[in-house]
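Every number in this text was worked out from the coordinates using simple rules, so none of it is lab data. Fair warning: this is a prediction, and the values are worked out from it, not measured in the lab. For neighbour counting, all protein chains shown are included, and Cβ atoms are generated from backbone atoms with ideal geometry for every residue, glycine included.
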Amino acid sequence: MTKLWGGRFSKNTNEMVDAFNASIEFDKRLYREDIRGSISHAAMLAKCGIISEKDAEEIISGLEKILDDIENGNFTFDESLEDIHMNIEARLTERIGAAGARLHTARSRNDQVALDMHMYIKREVAEIADLLIHFEEALLSVAGKHTRTLVPGYTHLQRAQPVTYAHYLLAYFGMMKRDFYRLSGVWDGADIMPLGAGALAGTTFPIDRFEVAKKLNFAKVYGNSMDAVSDRDYIADFLYFASVLMMHLSKLSEEICLWSSSEFCFIELDDAFATGSSMMPQKKNPDIAELVRGKTGRIYGHLQAMLVTLKGLPLAYNKDLQEDKEGLFDAIDTVKFSLAVYREMLLSMTVNTEKMAQAAVKDFSNATDLADYLVRKGVPFREAHEIVGKCVAHAIGQGKFLSEIPIKEYKGMSDLFEEDLLEALKSENCVAARRTYGGPAAEENEKQIAEGAAEISQQAELLACWQEKL
Ligand code: ARG
């Protein structure tokens, strides 16, 4: 295939160079944005009197046909045409002739690819926001059923204080909520229109960049043409968002792996969301959780790769920037898949409330509450801590839990202990007493769920605004 830039060359490109240079294998996923961007560009060129109305009409209908062809699988991508931009433009000119060859007036692939990427990220941000909202809803709906399901809370992976299963899920809701606002920041960074920056220094033609921005629903236009073609901050922002989101899901994965083990037995994965072993017939493995945890590392790698690619690049466009795509595309696919599958896995798993409660009750995680009991009777906390420490050591020595020690023996450690300490030691009372804002008591969890639902409707409103602007 002859090159669109072949004029100053007297030899064909070496095959290896074609193969190495080409991005069509992965950037073909930008075809919708490329075509929509070109349609807006052509319409603007005609409106500004740079090409004729007739040429613009031919270009636009030619591009619409190409869109159909691609969607119906009737378009063959050609590696020697390097990327999506030249594949589409070459096909257009092949079909409509001279008008097609006028499309690239006042434009470079540098601002064209930047436009495509901005539009593409906006579309994906909206899709991911939708998945994120659905996942948040799932967290709230399961939490709603478990505001009184006792479970040990851990620090250092040692049982610490009892909480509820709802409290766990609401903690993950808090993470997802912050992820949503990080995603919203990605939208803002992508919502700036680069076209018209040309290769780097704008154009001599009297184009109207604001017209293109309006047509394509961009909030802003880049104020500097060199910045416009070289900015990839919004891609790094996306990869940071994706890294943090995956880190959150990876933490939850770790919980799920632990909770589904025979040692914990807190949950059982639905058969449809677990896998077996080819050798050990009894196995039921949490592969999804493990894979999400495993893929997190790959996403961190993409963020690192992007930052390293950008570091030290001189202005303006450099071919290094083509490396912005594969990691981003992989991160987008991974995040979407992970959110979707996680939602279903969470909704379908069985919660062993008995096992959870047993772990919370047959335990020393009520020790803080015994210290608080003494504090309420006037003992300074540090002293109370010391006394209860001794009670714990005493109980361990006898192979008992705190609630099994006779009151007589407690009296030997402090005469402030009375019969009512047994109430203070009950795990459900330990949780119910933690009614401070953000605490695990059932009423507090219910408030958090209500606030979460209000939060989700705000996010949904923002998402609806984005969807209107796609
Ligand atoms: N495929 C290229 C990329 O993704 C498009 C821009 C090419 N520009 C250039 N001057 N070679 O970055």
| message | Through the Karplus equation 6.51 cos²θ - 1.76 cosθ + 1.60, θ set to phi - 60°, convert the phi angles of the stretch 333-339 into ³J(HN,Hα) values in whole Hz; use x for Gly and Pro. | response | 4, 5, 5, 5, 5, 4, 5
| task | Using amide H atoms built 1.01 Å from N in the peptide plane, name the residues 5+ places from Ala160, or on other chains, whose amide H lies under 5 Å from its own. | result | Gly153, Tyr154, Thr155
| Cα centre as origin, Lys/Arg/Asp/Glu Cβ charges: the stretch 20-101 dipole, Debye | 260 debye
| remark: Taking alpha-carbon centroids only, the stretch 76-116 lies from the stretch 148-213 a number of Å equal to 33 Å
| note | The long-range amide H neighbours of Ile267, using H built 1.01 Å from N in the peptide plane and a cut-off of under 5 Å, are Ser260, Asn352
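Under the classification rounded if a/c is under 1.5, otherwise prolate if a/b is larger than b/c and oblate if not, where does the stretch 242-377 fall, given a ≥ b ≥ c as square roots of the Cα gyration tensor eigenvalues? Before the final figure, lay out each step's value.
Values: a/c = 3.69, a/b = 1.71, b/c = 2.16.
It is oblate, given that a/c is not under 1.5 and a/b is not larger than b/c.
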| remark: Along the stretch 169-184, Karplus-curve 3J(HN,Hα) (6.51, -1.76, 1.60; θ = phi - 60°) to the nearest Hz, with x for Gly and Pro, reads 5, 5, 5, 5, 4, x, 5, 5, 4, 5, 4, 4, 6, 5, 5, 4
| said: What value in Å³ per residue do you get for the convex hull of the alpha-carbon atoms in the chain? | reply: 195 Å³
| task | Considering the options Met193, Ala433, Leu347, tell which one lies farthest towards the positive end of the dipole of the chain, charges being +1 on Lys and Arg and -1 on Asp and Glu at the Cβ, about the Cα centre. | result | Ala433
| task | Work out the charge dipole of the chain with +1 on the Cβ of Lys and Arg and -1 on the Cβ of Asp and Glu about the Cα centre, then indicate which of Phe241, Ala272, Ser52 is farthest towards its positive end. | result | Phe241
| For the chain, size of Cβ-based charge dipole, Lys and Arg +1, Asp and Glu -1, in debye | 620 debye
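By average Cβ neighbour count within 10 Å, what is the ranking of 353-366, 397-410, 145-158 from highest down?
On the way: 353-366: 18.7, 397-410: 13.3, 145-158: 16.5.
Going by the mean number of other Cβ atoms within 10 Å, highest first, we get 353-366, 145-158, 397-410.
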| field | Extreme residue, positive dipole direction of the stretch 343-470, given options Val392, Ala360, Val375 (C-beta unit charges) | value | Val392
| request: Distance check, please: which entries in Lys145/Lys284; Lys28/Lys325; Lys122/Lys311; Lys214/Lys336; Lys220/Lys311; Lys251/Lys295 exceed 20 angstrom between their Cα atoms? | output: Lys145/Lys284; Lys122/Lys311; Lys214/Lys336; Lys220/Lys311
| task | Rank-order 162-168, 258-264, 4-10, 340-346 by packing density, defined as the average count of other C-beta atoms within 10 Å over each peptide's residues, highest first. | result | 162-168, 340-346, 258-264, 4-10
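Go through 417-423, 136-142, 12-18, 46-52 and give me the packing order, highest mean Cβ count within 10 Å leading.
Details: 417-423: 13.9, 136-142: 20.0, 12-18: 11.6, 46-52: 16.3.
With the highest mean Cβ count within 10 Å placed first, the list reads 136-142, 46-52, 417-423, 12-18.
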